[in-house]
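See below for the structure under consideration.
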Amino acid sequence: MKKFLLLPLIVFTLSFVAAAQPRPAEKPNVVDPKTPDAFEVRYEGGVFGMSGKEKGMLKFDDKNERVVFHRGDGREMFSIPYESLFVVYPDSKTSASTSGRVISALPLPGAGLAGLMTKDTKYAILSFDDPDIEARGTASFRFEDKKSLLAFINKLGVKAKMTQRGDAYYRPKKAVF
(Lines give C-alpha, C1' and ligand atoms only; values in the text may rest on other atoms or scores of the structure.)
Protein backbone atom coordinates (compact mmCIF):
# COMPACT_ATOMS: atom_id res chain seq x y z
CA MET A 1 0.00 0.00 0.00
CA LYS A 2 2.88 2.36 0.76
CA LYS A 3 4.26 1.78 -2.76
CA PHE A 4 1.01 2.97 -4.29
CA LEU A 5 1.07 6.15 -2.21
CA LEU A 6 4.79 6.80 -2.53
CA LEU A 7 4.92 6.66 -6.36
CA PRO A 8 2.19 9.29 -6.94
CA LEU A 9 3.74 11.47 -4.25
CA ILE A 10 7.15 11.34 -5.99
CA VAL A 11 5.61 12.10 -9.40
CA PHE A 12 3.59 14.96 -7.92
CA THR A 13 6.65 16.39 -6.16
CA LEU A 14 8.93 16.11 -9.19
CA SER A 15 6.39 17.89 -11.36
CA PHE A 16 7.17 21.11 -9.45
CA VAL A 17 10.91 20.76 -9.95
CA ALA A 18 11.97 22.25 -13.25
CA ALA A 19 15.45 21.79 -14.58
CA ALA A 20 16.87 24.97 -16.02
CA GLN A 21 17.62 24.77 -19.69
CA PRO A 22 20.62 26.73 -20.81
CA ARG A 23 19.88 29.49 -23.26
CA PRO A 24 21.63 29.13 -26.62
CA ALA A 25 24.61 31.39 -27.06
CA GLU A 26 23.82 34.67 -28.77
CA LYS A 27 25.50 35.01 -32.13
CA PRO A 28 26.67 38.52 -32.83
CA ASN A 29 25.01 39.99 -35.90
CA VAL A 30 27.74 41.02 -38.30
CA VAL A 31 27.62 42.30 -41.84
CA ASP A 32 29.96 40.92 -44.46
CA PRO A 33 32.22 43.82 -45.50
CA LYS A 34 31.82 42.79 -49.16
CA THR A 35 28.06 43.41 -49.04
CA PRO A 36 27.21 46.30 -51.39
CA ASP A 37 25.46 49.49 -50.22
CA ALA A 38 23.02 49.42 -53.15
CA PHE A 39 20.84 46.64 -54.54
CA GLU A 40 19.02 46.55 -57.87
CA VAL A 41 15.36 45.72 -57.14
CA ARG A 42 11.84 46.21 -58.39
CA TYR A 43 9.45 48.02 -56.07
CA GLU A 44 6.18 46.08 -55.96
CA GLY A 45 4.11 48.41 -53.75
CA GLY A 46 3.14 49.07 -50.16
CA VAL A 47 4.28 52.62 -49.40
CA PHE A 48 1.47 55.16 -49.04
CA GLY A 49 1.23 57.46 -52.04
CA MET A 50 3.62 55.41 -54.18
CA SER A 51 1.59 53.26 -56.52
CA GLY A 52 2.84 51.26 -59.44
CA LYS A 53 5.73 48.90 -59.89
CA GLU A 54 9.08 50.42 -60.69
CA LYS A 55 12.65 49.26 -61.15
CA GLY A 56 15.36 51.03 -59.23
CA MET A 57 17.98 50.79 -56.50
CA LEU A 58 17.64 50.29 -52.75
CA LYS A 59 20.45 52.16 -51.02
CA PHE A 60 21.55 52.50 -47.41
CA ASP A 61 21.81 56.08 -46.15
CA ASP A 62 23.76 55.62 -42.91
CA LYS A 63 24.15 59.35 -42.33
CA ASN A 64 20.36 59.78 -42.03
CA GLU A 65 19.75 56.22 -40.78
CA ARG A 66 17.32 55.16 -43.47
CA VAL A 67 16.95 52.91 -46.51
CA VAL A 68 16.16 54.80 -49.73
CA PHE A 69 14.57 53.65 -52.98
CA HIS A 70 15.84 55.47 -56.09
CA ARG A 71 13.99 55.23 -59.40
CA GLY A 72 15.73 54.03 -62.53
CA ASP A 73 16.59 57.63 -63.44
CA GLY A 74 18.37 58.13 -60.09
CA ARG A 75 15.74 60.29 -58.35
CA GLU A 76 14.72 59.42 -54.81
CA MET A 77 11.21 57.95 -54.74
CA PHE A 78 10.85 57.38 -50.95
CA SER A 79 12.77 56.40 -47.84
CA ILE A 80 12.04 54.35 -44.73
CA PRO A 81 13.87 55.27 -41.49
CA TYR A 82 15.60 52.38 -39.72
CA GLU A 83 13.78 53.24 -36.49
CA SER A 84 10.33 52.84 -38.07
CA LEU A 85 11.00 49.27 -39.28
CA PHE A 86 9.52 46.55 -37.09
CA VAL A 87 9.77 43.41 -39.28
CA VAL A 88 12.01 42.62 -42.26
CA TYR A 89 11.82 39.18 -43.83
CA PRO A 90 12.36 37.28 -47.10
CA ASP A 91 9.52 35.72 -49.05
CA SER A 92 9.27 33.74 -52.26
CA LYS A 93 6.44 32.87 -54.59
CA THR A 94 6.43 30.08 -57.12
CA SER A 95 4.19 30.43 -60.14
CA ALA A 96 3.85 28.95 -63.58
CA SER A 97 5.45 31.09 -66.25
CA THR A 98 3.25 32.77 -68.84
CA SER A 99 4.53 30.58 -71.65
CA GLY A 100 3.92 27.48 -69.51
CA ARG A 101 0.30 28.51 -68.89
CA VAL A 102 -0.29 29.22 -72.59
CA ILE A 103 1.24 25.95 -73.81
CA SER A 104 -0.61 23.90 -71.17
CA ALA A 105 -3.93 25.25 -72.50
CA LEU A 106 -3.26 23.93 -76.02
CA PRO A 107 -5.25 20.81 -76.97
CA LEU A 108 -2.16 18.69 -77.64
CA PRO A 109 -1.06 15.47 -75.96
CA GLY A 110 1.42 16.24 -73.19
CA ALA A 111 0.82 20.00 -73.32
CA GLY A 112 -0.40 19.91 -69.73
CA LEU A 113 3.17 19.20 -68.61
CA ALA A 114 4.13 22.72 -69.69
CA GLY A 115 2.27 23.92 -66.59
CA LEU A 116 5.21 22.55 -64.61
CA MET A 117 7.43 25.31 -66.02
CA THR A 118 7.69 27.48 -62.91
CA LYS A 119 9.61 30.50 -61.84
CA ASP A 120 10.55 31.35 -58.28
CA THR A 121 10.36 35.03 -57.35
CA LYS A 122 12.21 36.38 -54.29
CA TYR A 123 10.88 39.30 -52.25
CA ALA A 124 12.06 41.41 -49.32
CA ILE A 125 9.11 42.45 -47.16
CA LEU A 126 9.62 45.56 -45.00
CA SER A 127 6.91 46.25 -42.41
CA PHE A 128 7.10 49.71 -40.90
CA ASP A 129 5.26 52.38 -38.96
CA ASP A 130 4.84 55.46 -41.12
CA PRO A 131 5.62 58.37 -38.75
CA ASP A 132 4.03 60.99 -41.02
CA ILE A 133 0.51 59.56 -41.05
CA GLU A 134 0.69 57.25 -38.02
CA ALA A 135 -0.18 54.11 -39.98
CA ARG A 136 1.53 50.81 -40.68
CA GLY A 137 2.72 49.84 -44.12
CA THR A 138 4.33 46.86 -45.80
CA ALA A 139 6.63 47.51 -48.73
CA SER A 140 7.78 44.68 -50.97
CA PHE A 141 10.79 44.60 -53.25
CA ARG A 142 11.56 41.90 -55.81
CA PHE A 143 15.13 40.64 -55.99
CA GLU A 144 16.76 38.66 -58.79
CA ASP A 145 18.46 36.07 -56.56
CA LYS A 146 18.31 34.69 -53.06
CA LYS A 147 21.93 35.56 -52.22
CA SER A 148 21.48 39.31 -52.72
CA LEU A 149 18.08 39.19 -50.97
CA LEU A 150 19.54 37.60 -47.82
CA ALA A 151 22.56 39.94 -47.91
CA PHE A 152 20.24 42.97 -48.05
CA ILE A 153 18.02 41.72 -45.21
CA ASN A 154 21.01 40.89 -43.02
CA LYS A 155 22.63 44.28 -43.60
CA LEU A 156 19.37 46.16 -43.00
CA GLY A 157 18.58 44.17 -39.86
CA VAL A 158 22.02 44.87 -38.37
CA LYS A 159 21.97 48.56 -39.30
CA ALA A 160 18.46 48.98 -37.86
CA LYS A 161 19.57 47.23 -34.63
CA MET A 162 16.86 44.60 -34.91
CA THR A 163 16.74 41.09 -33.42
CA GLN A 164 17.32 38.15 -35.74
CA ARG A 165 15.03 35.13 -35.95
CA GLY A 166 16.06 32.76 -38.72
CA ASP A 167 16.41 34.78 -41.92
CA ALA A 168 14.09 37.52 -40.62
CA TYR A 169 14.67 40.49 -38.31
CA TYR A 170 12.17 42.07 -35.94
CA ARG A 171 12.02 44.83 -33.36
CA PRO A 172 10.79 43.47 -30.00
CA LYS A 173 7.87 45.27 -28.38
CA LYS A 174 8.82 47.66 -25.62
CA ALA A 175 7.71 46.54 -22.19
CA VAL A 176 4.96 48.72 -20.73
CA PHE A 177 4.78 48.98 -16.94
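A few comments on the model shown:
- Contact map, region 148-163: first residue of a type in the set (D, E, K, R), second residue not in a helix (DSSP H, G or I), Cβ cut-off under 6 Å, separation 6 or more or different chains; pairs are 155/31; 155/35.
- Region 21-34 - residue that is of a type in the set (A, V, I, L, M) and loosely packed, with under 13 Cβ neighbours inside 10 Å and, of those, modelled with the highest pLDDT: 30
- Residue selected from region 131-162 under the condition farther than 23 Å from residue 37 by Cβ and over 12 Å from the mean Cα position of the chain (by Cα), by the criterion surrounded by the most Cβ atoms within 10 Å (Cβ to Cβ): 137
- Subset tally (residues that are closer than 20 Å to residue 40 by Cα and either among the polar types (S, T, N, Q) or modelled with pLDDT under 70 (or both)) for region 82-141: 5
- Where residue 70 falls short, out of the listed (1) modelled with pLDDT of 90 or more; (2) surrounded by 16 or more Cβ atoms within 10 Å (Cβ to Cβ); (3) within 27 Å of residue 163 (Cβ to Cβ): (3)
- Applying the condition of being in a loop (DSSP other than H, G, I, E, B) and among the acidic types (Asp, Glu) to region 35-66 and asking which residue is surrounded by the most Cβ atoms within 10 Å (Cβ to Cβ) yields 65.
The values are calculated or read from the model by the stated rules, or taken from the named source; none is laboratory data. Just so you know, these numbers come straight off a predicted model, no measurement behind them. In this analysis, Cβ positions are derived from the backbone assuming ideal geometry, glycine residues included, and neighbour counts consider all displayed protein chains.
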